[in-house]
Amino acid sequence: AQSVTQLGSHVSVSEGALVLLRCNYSSSVPPYLFWYVQYPNQGLQLLLKYTTGATLVKGINGFEAEFKKSETSFHLTKPSAHMSDAAEYFCAVSYYGNNRLAFGKGNQVVVIP
Amino acid sequence: EAQVTQNPRYLITVTGKKLTVTCSQNMNHEYMSWYRQDPGLGLRQIYYSMNVEVTDKGDVPEGYKVSRKEKRNFPLILESPSPNQTSLYFCASSSTGTGVGEQYFGPGTRLTVT
């Protein structure tokens, strides 16, 4: 079964500092990987995705993530945090031909002025 | 505008009173799914549907029913709600054509069962 691990339910970051959210997955076959963001009182929206090709993926709002097969990781980064980045972030995995998504438990990001 | 809509957005009900949460998408997606979101547990899949008249259990199906009579609609039915079904519910849809699995989410329905 697919599983996704996100460590640290709450992450505090200073405004202007690096945002780093870690995601590891368990898989015996190459997955498709996603990061979703959920702003307060809203649904989830896609931040970025990895399917095939270039392992460094750029998303919206300055976020990017790198797929590292050897480490089974897909960590999310943003060089400089902004107050508007305060939200909950979810890593998710699926496999080709299977639309089902398995989600991590999420990281609640708090940005400190 | 491409979107997934859910109704109602907020619902407070009592134990045992049947309810239905509607979900509709206008993107002609084959795949639709229901999730519940609980603090510290992330999103867990309740049921999903690969196409009309094709539904299957997700990870936490107990106490829920679904139907898929039309491609655009995928209602979630709680025939006898209990307090442990108090949660935030999301409907999502995606195309099965590419196999990528990127899903589009509705705005959520916050359900409280007393």
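The values are calculated or read from the model by the stated rules, or taken from the named source; none is laboratory data. All of these numbers come straight from a predicted model, not from anything done at the bench. Reconstructed Cβ throughout: ideal geometry from the backbone, glycine too, with neighbour counts over all protein chains shown.
From the list B:THR15, B:THR20, the lone residue that is away from every other protein chain (no Cβ under 14 Å), in contact (Cβ under 8 Å) with a residue 24 or more places away in the chain and not in a loop (DSSP other than H, G, I, E, B) is B:THR20. Among the residues of the stretch A:20-31, is any within 10 Å of chain B (Cβ to nearest Cβ) and surrounded by fewer than 16 Cβ atoms within 10 Å (Cβ to Cβ)? Checking the stretch A:20-31: not a single residue is within 10 Å of chain B (Cβ to nearest Cβ) and surrounded by fewer than 16 Cβ atoms within 10 Å (Cβ to Cβ). Determine whether the stretch A:84-98 contains at least one residue that is over 12 Å from the mean Cα position of the chain (by Cα), under 19 Å from A:GLU15 (Cβ atoms) and in a loop (DSSP other than H, G, I, E, B). Yes, that holds for at least one residue. Just one of the listed residues (A:VAL93, A:VAL57) is in contact with an Asp or Glu (Cβ under 7 Å, 6 or more places away or on another chain), farther than 21 Å from B:GLY108 by Cβ and within 14 Å of chain B (Cβ to nearest Cβ), and it is A:VAL57.
Touching a Cys at 6+ places or on another chain (Cβ under 7 Å) and buried (at least 20 other Cβ atoms within 10 Å of the Cβ) - does that describe any residue in the stretch A:87-97? Yes, there is a match, as at least one residue in the stretch A:87-97 is touching a Cys at 6+ places or on another chain (Cβ under 7 Å) and buried (at least 20 other Cβ atoms within 10 Å of the Cβ). Tallying residues that are more than 16 Å from A:ASN24 (Cβ to Cβ) and in a loop (DSSP other than H, G, I, E, B) within the stretch A:53-83 yields 8. When A:GLY62, A:GLY43 are screened for being of a type in the set (Gly, Ala, Ser) and in contact with a Gly (Cβ under 9 Å, 6 or more places away or on another chain), only A:GLY43 passes. B:MET50 passes every criterion in (1) under 15 Å from the mean Cα position of the chain (by Cα); (2) assigned to a strand (DSSP E or B); (3) among the aliphatic types (A, V, I, L, M); (4) under 29 Å from A:ASN107 (Cα atoms) apart from (4).
Which residue out of B:GLY58, B:GLY42, B:GLY108 is modelled with pLDDT under 95, on the phi > 0 side of the Ramachandran plot and in contact with a strand residue (DSSP E or B) (Cβ under 6 Å, 6 or more places away or on another chain)? Give the steps one after another, and end with the answer.
On the way: B:GLY58 fails: on the phi > 0 side of the Ramachandran plot; B:GLY108 fails: modelled with pLDDT under 95.
Going through B:GLY58, B:GLY42, B:GLY108 in turn, just one is modelled with pLDDT under 95, on the phi > 0 side of the Ramachandran plot and in contact with a strand residue (DSSP E or B) (Cβ under 6 Å, 6 or more places away or on another chain): B:GLY42.
Test B:GLY42 against the stated conditions and say whether it is closer than 30 Å to A:HIS10 by Cβ and in contact with a Gly (Cβ under 8 Å, 6 or more places away or on another chain). In short, yes. Scanning the stretch B:79-96 for residues that are surrounded by 15 or more Cβ atoms within 10 Å (Cβ to Cβ) and over 11 Å from the mean Cα position of the chain (by Cα) turns up B:PRO81, B:GLN85, B:THR86, B:SER87, B:SER94, B:SER95, B:THR96.
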